Amino acid sequence: MTENTSLFDLILAGCRGIKNGCLALWHFCGKCVRLSLRKWYITVPMLVAGMCVGIWASNWKNRFWRVEAMAILNGTTPELVSNRYNNLNKLLPAELMPSQSRVDELMWEGESEDCFRFMKFESFPVIDCLKDSVMDYVDMKSSFDPVDTISMIMQNRLFLRFVTRDLDNVAMAEKAILNYLNSDPQLIAAYEAYRANLEWEAEFCDRQVNLLDSFTTQFYFFQGAEAHVRPERFQMLVGDRDITLLHPEILQLVKYKKYVDRELALCTAPVVLESGFMVTPRAINRRSNSIAISLAVFYLLSLLISVLIEQRQAIHKWAKK
């Protein structure tokens with residue numbers, strides 16, 4: 001005979017499991033507290049050491065900062081620039097591998113040791129939710145769905161980030177990174193083709209605006225709205241004539257011309273930064289986080305040492321076997 005299980009029974013069993021798990025966690029925490037109280041001469045020094053390590057790690061000279069920038073891509077694709085930028089993580093000192101030397105690739109002008117204070121180079125796509133060429137957010141958590149038909153990844157924007165604790169050489173790092181990106185042959189070829197197209201579009205818009213302007217001057221003068229009867233060679237035209245204004249078409253073309261001129265003004269290199277690399281105001285290892293993590297790690301170490309001391313006889317017997 002099979003016993004049928006209802007949804008209520010499943011919910012009840014799930015609640016029972018959660019209750020047992022919470023009780024087990026409560027008992028485990030109680031054992032840890034009792035162990036810490038019994039071995040207070042181990043716990044207290046370890047917590048003090050953890051506090052000191054956390055304060056030392058969060059000193060101003062030891063803090064790590066995120067440095068971020070929004071890049072404008074001229075002709076190239078986010079995939080090419082992202083691969084080129086992320087390859088900075090694979091560059092090594094010249095002593096280990098001369099063919100992949102970070103100092104040589106970046107053409108670093110300062111001390112070689114300063115070059116390796118910049119690390120964890122990352123790039124993130126920029127999402128346009130309404131397909132209106134306006135940036136909405138940066139996908140830092142890789143949560144964008146590629147099959148989404150409403151939003152899209154912007155092809156002319158890319159968010160760049162790296163981590164450093166050397167704030168004095170951020171400007172030098174920015175210059176080196178841009179030289180490194182803009183020296184790639186693929187990016188240069190795509191940029192030159194893109195700029196040539198922009199220049200042609202700008203010249204085309206200028207010609208069309210001038211032609212429309214001269215055309216409307218002739219058009220308005222020779223299109224008489226008051227004429228009801230007018231001979232036309234061997235024919236006679238009878239009726240009213242209205243003037244059709246061409247201003248909407250001209251204004252629309254002028255609006256597109258402004259867009260092309262703005263893109264052409266920004267198109268000075270394959271990769272251009274909107275406002276340069278900016279340091280985020282909050283450090284990664286700020287004091288509160290560093291102290292909390294250090295206290296947790298040293299407390300766990302104190303528990304481990306306390307268990308080893310309490311069970312030293314059992315461990316000694318096990319080792320003899």
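Can you tally the net charge around S306? Count Lys and Arg as +1, Asp and Glu as -1, for every other residue whose Cβ sits under 15 Å from the Cβ of S306. Numbers along the way, then the final one.
Working: positive: K31, R34, R38, K39, R312; negative: E310.
The answer is +4.
About its Cα centre, what dipole magnitude does the chain give when the only charges are +1 on Lys and Arg Cβ and -1 on Asp and Glu Cβ, stated in debye to the nearest 20? Don't skip to the end; give the middle numbers.
On the way: 36 positive and 37 negative charges, 625 e Å.
Dipole about the Cα centre, nearest 20: 3000 debye.
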What FRET efficiency do you get for Q311 and W200 if R0 is 56 Å and r is their Cβ-Cβ distance, rounded to the nearest 0.05? 0.10
Averaging sequence separations of C-alpha pairs under 8 Å and six or more residues apart, then dividing by the length of the chain, give the relative contact order as a whole percent. 31 percent
Protection proxy (average C-beta count within 10 Å per residue), highest first, orders 83-91, 249-257 as 83-91, 249-257
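How much of the accessible area of the stretch 1-79, probe 1.4 Å, is carbon plus sulfur, in whole percent?
Details: 4050 of 5670 Å².
Here it works out to 71 percent.
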Lysines near K255 by alpha-carbon distance under 21 Å, same-chain residues fewer than 8 away left out - which ones? K131
Please report the Cα spread of the chain along all three principal axes, rounded to whole Å, starting with the longest. 125, 74, 37
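For the stretch 282-321, give the percent of accessible area contributed by carbon and sulfur heavy atoms, probe 1.4 Å, rounded to a whole number.
Numbers: 2070 of 3070 Å².
Carbon and sulfur together cover 67 percent of it.
Taking K and R as +1 and D and E as -1, what net charge do the other residues with C-beta under 13 Å from the C-beta of D136 add up to? Spell out each step's value before the answer.
Details: positive: K131, R157; negative: D128, D132, D139, D148.
Its environment carries a net charge of -2.
What does the accessible area per residue of the chain come to in Å², with a 1.4 Å probe and no ligands, DNA or RNA counted?
Details: 21850 Å² over 321 residues.
Roughly 68 Å² per residue, with all protein chains present.
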Counting Lys +1, Arg +1, Asp -1, Glu -1, what net charge surrounds C32 among other residues with beta carbon under 12 Å of its beta carbon? +4
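The values are calculated or read from the model by the stated rules, or taken from the named source; none is laboratory data. Because the structure is predicted, anything quoted here is derived from the model rather than measured. Please note: Cβ atoms are built from the backbone with ideal geometry, for glycine as well, and neighbour counts cover all protein chains shown. Ligands, DNA and RNA are stripped out before the accessible areas are found, and what is left, the full protein with its side chains, is counted by its heavy atoms. Shrake-Rupley method; radii C 1.70, N 1.55, O 1.52, S 1.80 Å.
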